[in-house]
Every structure is written in C-alpha cells, then in structure tokens.
Amino acid sequence: KIQITLIEALPNVLPAFDKKLIDYTQSTFKENQITILTRTMVKEVKEKSFIVQNPDGTRSDIPYGLLVWATGIKAQPVVDRIRAQFAQVQTNGRGLLVDEYLRVKGARDIWAVGDCALSGYAPLAQVASQQGKWLARRLNSLATQAARENKTDVDVFNLIEEKSRPFKYSSQGSLAYIGSEKAIADLPFFNRNITAGGLATFWFWKSAYVNELFSLRNSTLVVSDWVKRFFFGRDISRE
C-alpha cells in the first residue's frame, strides 16, 4: 500500500493561485487520498524518517520510503563570490540585488537575471525568461548602434539606462498540473483574471507546455511519450 503525504510550510498549497483553485487542488488531492499537512515545516531529514514542526510548535517523526524534496534552491558559488566582493551593498544572502535595469548593485558591467537576481519579482521561470529576453534585446541593440557609429569604447553599463526603459515584468498567467489528468489555470484577461480547473484545463496546460519547449525535437519526444503512456500506461519496471 502506498501512502502519499504532502508537507507545506505555508497555510495553503499553491499560494500564488486564486483561493478557488487552491480549494479545488486540495479537494483533488483528498480524492486521491493524498494527506496534506499545511503550516508544517521539515526540520530534519534522517535515513528513514524526517522531523517536522507542527502548527502548534510540537515536533513529529514521520517515516518514509521515498522522499521527494521540492523546496527552494541555493545560490551558486559564483553568486556568493560576487556578493562577497560588494558586501556593503549586497546585504541579502539569497541572491544578488539588482536595479530596474538588472544591473548588480555596487558592481560594474555585471547583470543578473533569474533566480539569482533579487529584482522584486517572484523567482519564476516566466520572470527569468522575460528578463533574459529583455536584456539580450537591449545589449544587442546597443551593440548594433555602436557598430553603426563605429564606436569601440561604449559604456554599455550606463548607456542602457539612457537608451532603454526599465525592465517590467508582464504576467502571462499561471498553470499547474495537479494529477489525475487535471490542471488549474489563473490567466490575466484585460483587467481581471480567469480561473479554471479540470480536464479541459489539463489539455490547455499540455499545449502550453509543448509550446514552451525549445526545439521541434524536444516537442516531438514529449508528445510521443504522452501518446505512448496513453496507450500503454507508465513504465514503472525496474531491473
């Protein structure tokens, strides 16, 4: 018999979504007999069990056979080294503080995007993607202009502020697969958000997922894997 327990330190799972979608997700988990422990923090992981701190402050020892760890990530050593060089300005241990042009504060000719950049936005792939594209366009534009004017000593680090508007994140909505061929969506629509969940949203999530893959090869492999699983089920055998 398999028993699945989800440990969440926050009051709800998927806190970034609308409350209706949170309730729908938790209801789906309960239908699948998944135990949800909210406001519960993992304090220690041992070989065959882990210690959690319950909402009332007490601690419990929960045994496990397989532990899936899905918390945040630690900064790369290069980020720590950059932060140490500009310690007077870089005072946050989670990443690099950047300005509205994604320039690392206190440094020169260093930009940061994605999870390592503390820009005031949530550390989401959607944010990182937009930051990377914005910065690439700005740098390419300045390089093209410098080549056209035959300049070789352009101060790009400062010029980007004169020639560009600050980076601004535009939310394209959020999607999440919640199991049992169901997904949830929270999508912006003019001045309001549209929320949905269920089988139709699951197929919308699949199409969005394939659309975001980087190459035709990856898209083909993923779709063929989905088709194979649909007809033959998941391959869970092990030698």
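The values are calculated or read from the model by the stated rules, or taken from the named source; none is laboratory data. Values in this document were obtained by computation on a predicted structure and should not be read as measured data. Every residue, glycine among them, receives a Cβ derived from its backbone with ideal geometry; neighbour counts consider all protein chains shown. For the accessible areas, the whole protein counts, side chains as well, though only heavy atoms, and no ligand, DNA or RNA atoms are used. Shrake-Rupley method; radii C 1.70, N 1.55, O 1.52, S 1.80 Å.
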| said: Whole-Hz ³J(HN,Hα) for each residue in the range 117-132, computed from phi via Karplus 6.51 cos²θ - 1.76 cosθ + 1.60 with θ = phi - 60°, x for glycine and proline: what do you get? | reply: 9, 8, 9, x, 9, 5, x, 10, 4, 4, 5, 4, 5, 5, 5, x
| request: Any lysines with Cα under 29 Å of the K105 Cα? List them, leaving off those in the same chain fewer than 8 positions away. | output: K74, K133, K151, K163, K168
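Direction-averaged shadow area of the convex hull around the Cα atoms of the range 115-199, nm²?
The directionally averaged projection comes out at 8.3 nm².
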| note | Residues whose built amide H sits under 5 Å from the amide H of M41, excluding neighbours closer than 5 in sequence, are Q53
| note | Once both label points are put 7 Å beyond Cα along the C-beta direction, the T58-I110 separation in nm becomes 4.8 nm
| Relative contact order, percent, the chain [alpha-carbon distance under 8 Å, six or more residues apart] | 11 percent
| query | Given a 1.4 Å probe, how much area per residue of the chain is accessible, in Å²? | reply | 72 Å²
| Please identify the GluC sites (Glu not before Pro) of the range 26-98 that satisfy two criteria: DSSP loop assignment and at most 12 other Cβ atoms within 10 Å. Which are they? | E47
| request: Give me the number: length gained by fully extending A128 to Y169, i.e. 0.36 nm times residue separation minus the C-alpha to C-alpha distance, one decimal in nm. | output: 13.8 nm
| query | Considering every Cα-Cα pair within the range 90-146, what fraction, in whole percent, is farther apart than 19 Å? | reply | 28 percent
| field | With eigenvalues of the C-alpha gyration tensor scaled by 5 and rooted, the chain, Å | value | 39, 26, 19
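Please identify the longest segment of the chain free of exposed chymotrypsin sites (Phe, Trp or Tyr not before Pro), where exposed means a DSSP state other than H, G, I, E or B and no more than 12 other Cβ atoms within 10 Å.
70-189
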| Is it possible to state the helix-based mean residue ellipticity at 222 nm for the chain, with each DSSP H run of 4+ residues giving -39500 (n - 2.57), the sum divided by total residues, to the nearest 500 deg cm²/dmol? What is it? | -11500 deg cm²/dmol
| Please state the relative contact order of the range 117-231 as a whole percent: Cα pairs under 8 Å, 6+ residues apart? | 14 percent
| task | With all protein chains present, calculate the accessible area of S170 using a 1.4 Å probe and round the result to the nearest 10 Å². | result | 60 Å²
| request: Mind giving me the nanometre distance, one decimal, between the label points for E31 and L199, set 7 Å out from Cα along Cα→Cβ? | output: 1.1 nm
| task | Using every pair of alpha-carbon atoms in the range 84-123, split the distances into 5 Å bins beginning at 0 and state the percent of pairs per bin, rounded to integers. | result | 6, 29, 36, 23, 6, 0
| task | Starting from the Cα of F189, move 7 Å in the Cα-to-Cβ direction to define the label point; list residues of the range 16-41 whose amide nitrogen is under 18 Å from there. | result | 17-22
| task | Measure off 7 Å from each Cα along the Cα-to-Cβ vector at V78 and K20, then give the distance between these two points in nanometres to one decimal. | result | 4.4 nm
| note | In the range 1-92 the accessible area split gives carbon plus sulfur, as whole percent at 1.4 Å, a share of 53 percent
| field | Whole-Hz couplings from phi, Karplus 6.51/-1.76/1.60, listed for the range 140-151; x for Gly and Pro | value | 5, 5, 5, 5, 5, 5, 5, 5, 5, 8, 6, 9
| task | Place a label point 7 angstrom from the Cα of E149 along the Cα-to-Cβ direction, then list the residues of the range 161-184 whose backbone nitrogen is under 15 Å away. | result | 161-164
| What's the long-distance tail for the range 147-239, i.e. % of Cα pairs beyond 23 Å? | 54 percent
